[in-house]
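Student: Dropping a structure here in structure tokens format, bear with me for questions.
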Amino acid sequence: MNKWLASAMAFAIGVGAALAQEEQPGAKDFLAGQEAVKTNNFDVAIPAFEKALAANPDLFASNYFLGWAYKAKQNWEKCGANFETFLRKVGTDPKAGEQIGHSNREGGLCYARAESTAKAIPLLQKSAAAKPNDKEVQFLLGVALMRENRENEAEQSFAKVIQLDPSLQRAYYYAGRINFNRQQWDQATQRLEKYLELGANDAFAPDAHFMVGSNAIRMAEGSTDAAALQQKASDHLTKFLAAKPTAPQAGQAHYILGSIAAQRDDNEAAKTHFQKYLELEPTGAQAEEVRKFLADLTAQ
């Protein structure tokens, strides 16, 4: 028997006994749901518990079982909603301490997976406060906070994940992206490069290449190692364009690559990149500068 189920059954024994004696509305369905849960028969358990609640809303132990059942079905919104209802109705009952902990954690995770971030955050925060070394909770709390534009708090959660498990790739990406947005260039580069080191084929790798390349060209200005940083920028931006040639940042990548080529007197490469820039951003911030450069090349 699953650990959560053993705990839930122990919590529900008293409820079930009382129901059987008093023959309260919903009693038979509640007990039938318990029996179905014992064999993970959630197709039977879900309608049984829902019928029990329809007949008697005070049978809120049903919500706890339904939270787990809907988690098994990957119905994240209903999973979160049932755990949240259980928490609201059980209050601070000392007999339900373990179930309260489970409900905060699992309800928060389910809401996060359903992208109901505003609902997920308070549950995940309670779970993280109780068990700060739970890396899954910390990671999805970070994602939820980031989606709610609470980047300072999100960065703290991702930093905790990195501390707990340095091999968790996506934590570096999200933390690095937050650093990039906050113009913390050195920390952004460090984290994004670690993200790429852990797996360059991840879905967000092209965006990481763009950010690392953009940072490199910023750092090249006035640097004694400008040539190496320009080459680094060129390598990363070329990888970005190979993967996402029409992305919103593609024009800027071509502009940077064209500028690097022009500084190296590689006029053909510069011309190719600048023409592509104009194709993608004909009214972009550097459009007039690029047109003048191309006109000067033609006049030579």
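Student: Hey, rough spin-label estimate for Glu115 and Thr272, points 7 angstrom out along Cα→Cβ, what's it come to in nanometres?
Tutor: About 3.7 nm separates the two model spin labels.
Student: Further, regarding this structure: Calculate one ³J(HN,Hα) per residue across segment 25-34 by plugging θ = phi - 60° into the Karplus curve 6.51 cos²θ - 1.76 cosθ + 1.60, and present them in order as whole Hz with x for glycine and proline.
Tutor: x, x, 4, 5, 5, 4, 5, 5, x, 4
Student: At what distance in angstrom do the alpha carbon centres of segment 29-89 and segment 164-235 lie from each other?
Tutor: Their Cα centres are 45 Å away from one another.
Student: Please state, to two decimals, what the Cα-based radius of gyration of the chain comes to when divided by 2.2 N^0.38 Å (N = residues). Please report the intermediate quantities before stating the final value.
Tutor: Numbers: Rg = 27.6 Å, N = 300, 2.2 N^0.38 = 19.2 Å.
Scaled against compact globular proteins, the figure is 1.43.
Student: Give me the extension gain from Glu98 to Gln74: residue separation times 0.36 nm, minus the current Cα-Cα distance, reported in nm with one decimal.
Tutor: On the way: separation 24, 0.36 × 24 = 8.64 nm, distance 2.25 nm.
Roughly 6.4 nm would be gained on extension.
Student: Taking a label point 7 Å from the Cα of Thr246 along the Cα→Cβ vector, which residues of segment 266-298 have an amide N closer than 13 Å to it?
Tutor: The answer is 280, whose backbone nitrogens lie closer than 13 Å to the label point.
Student: May I ask which of Lys194/Lys232; Lys71/Lys160; Lys126/Lys160; Lys160/Lys232 have a Cα-Cα span longer than 22 Å here?
Tutor: Numbers: Lys194/Lys232 15 Å; Lys71/Lys160 26 Å; Lys126/Lys160 16 Å; Lys160/Lys232 29 Å.
Beyond 22 Å between Cα atoms: Lys71/Lys160; Lys160/Lys232.
Student: Would you please state which residues of segment 234-261 a label at Asp202 would reach in this model, taking the label point 7 Å out along Cα→Cβ and a backbone N cut-off of under 20 Å?
Tutor: Those under the cut-off are 236-244.
Student: Assuming 0.36 nm per residue, please report the length gained on full extension of the stretch Gln187 to Glu279 beyond their Cα-Cα distance. It would help to have the intermediate numbers written out before the result.
Tutor: Values: separation 92, 0.36 × 92 = 33.12 nm, distance 3.34 nm.
That works out to 29.8 nm of additional length.
Student: To the nearest 0.05, what FRET efficiency results for Ala54 and Ala130 with a Förster distance of 30 Å applied to their C-beta separation?
Tutor: Efficiency, rounded to the nearest 0.05: 0.40.
Student: Quick one: Karplus J couplings for segment 83-95, per residue in order, coefficients 6.51, -1.76, 1.60, θ = phi - 60°, nearest Hz, x for Gly and Pro?
Tutor: 5, 5, 5, 4, 4, 5, 7, 7, x, 10, 3, x, 6
Student: Let me ask something else. Quick check: from the Cα gyration tensor, does segment 156-222 come out rounded (a/c under 1.5), prolate or oblate? Mind dumping the intermediate values first?
Tutor: Values: a/c = 2.24, a/b = 1.45, b/c = 1.55.
The shape class here is oblate.
Student: Next up: How much net charge surrounds Gly33 when only other residues with a Cβ under 11 Å from its Cβ are counted (Lys, Arg +1; Asp, Glu -1)? Can you show the working numbers first?
Tutor: Working: positive: Lys28, Lys38, Lys51; negative: Asp29, Glu35, Glu50.
Charge balance in the 11 Å sphere: 0.
Student: How big is the charge dipole of segment 1-165 about its Cα centre, in debye rounded to the nearest 20, if each Lys and Arg gets +1 on its Cβ and each Asp and Glu gets -1 on its Cβ? Kindly include the intermediate steps, with their values, before the conclusion.
Tutor: Details: 19 positive and 20 negative charges, 32 e Å.
Rounded to the nearest 20 debye, it is 160 debye.
Student: Could you please rank Ser214, Ser234, placing first whichever residue has the fewest other Cβ atoms within 10 Å of its Cβ? Walk me through the numbers before you get to the answer.
Tutor: On the way: Ser214 22, Ser234 19.
Ascending Cβ contact count within 10 Å gives the list Ser234, Ser214.
Student: If you don't mind, another one. With no solvent and one point on each alpha carbon, what is the Debye value of log10 I(q)/I(0) for segment 1-165 at q = 0.20, 0.21 Å⁻¹?
Tutor: -1.20, -1.28
Student: Report the dimensions of segment 55-141 along its three principal axes from the alpha-carbon atoms, largest first, rounded to Å.
Tutor: Between the extreme Cα coordinates on each principal axis of segment 55-141 lie 38, 28, 20 Å.
Student: I would also like to ask the following. For helix 250-263, what angle does its Cα long axis make with the longest principal axis of the chain, in degrees from 0 to 90 and rounded to 10?
Tutor: The angle comes out near 30 degrees.
Student: Subtract the Cα-Cα distance of Gln156 and Glu289 from 0.36 nm times their separation in residues, and report this length gain in nm to one decimal.
Tutor: Working: separation 133, 0.36 × 133 = 47.88 nm, distance 4.10 nm.
The Gln156-Glu289 span can extend by a further 43.8 nm.
Student: Could you tell me the relative contact order of the chain? Use alpha-carbon pairs under 8 Å, at least six residues apart, and round to a whole percent.
Tutor: Numbers: 369 pairs, mean separation 21.3, N = 300.
Contact order relative to length: 7 percent.
Student: Hey, another quick one. With the dipole of segment 16-123 worked out from charges on the C-beta (+1 for Lys and Arg, -1 for Asp and Glu) around the Cα centre, which of Ala61, Ala48, Ala81 lies farthest toward the positive end?
Tutor: Toward the positive end, the furthest listed residue is Ala81.
Student: Rank these for me by crowding, Asp207, Asp225, going from fewest to most other beta carbons within 10 Å. Don't skip to the end; give the middle numbers.
Tutor: Working: Asp207 19, Asp225 11.
Ordered from fewest to most neighbouring Cβ atoms within 10 Å, Asp207, Asp225 come out as Asp225, Asp207.
Student: On a 0 to 90° scale, report how tilted helix 3-22 is relative to the longest principal axis of the chain, with both axes built from alpha carbons and the result rounded to the nearest 10.
Tutor: That helix lies at roughly 30 degrees to the long axis.
Student: May I ask for the net charge around Pro122, where only other residues with Cβ less than 15 Å from the Cβ of Pro122 are counted and Lys, Arg are +1 while Asp, Glu are -1? Could you put the intermediate results ahead of the total?
Tutor: Working: positive: Arg88, Arg105, Lys119, Lys126, Arg147, Arg150; negative: Glu84, Glu106, Glu148, Glu153.
Residues near Pro122 contribute +2 overall.
Read the figures in this text as sums done on the coordinates, not as results from a lab. Just so it is clear, the structure is predicted and the values come from calculations on it, not from any experiment. Cβ: placed from backbone, ideal geometry, glycine included. Neighbour counts: every protein chain shown.
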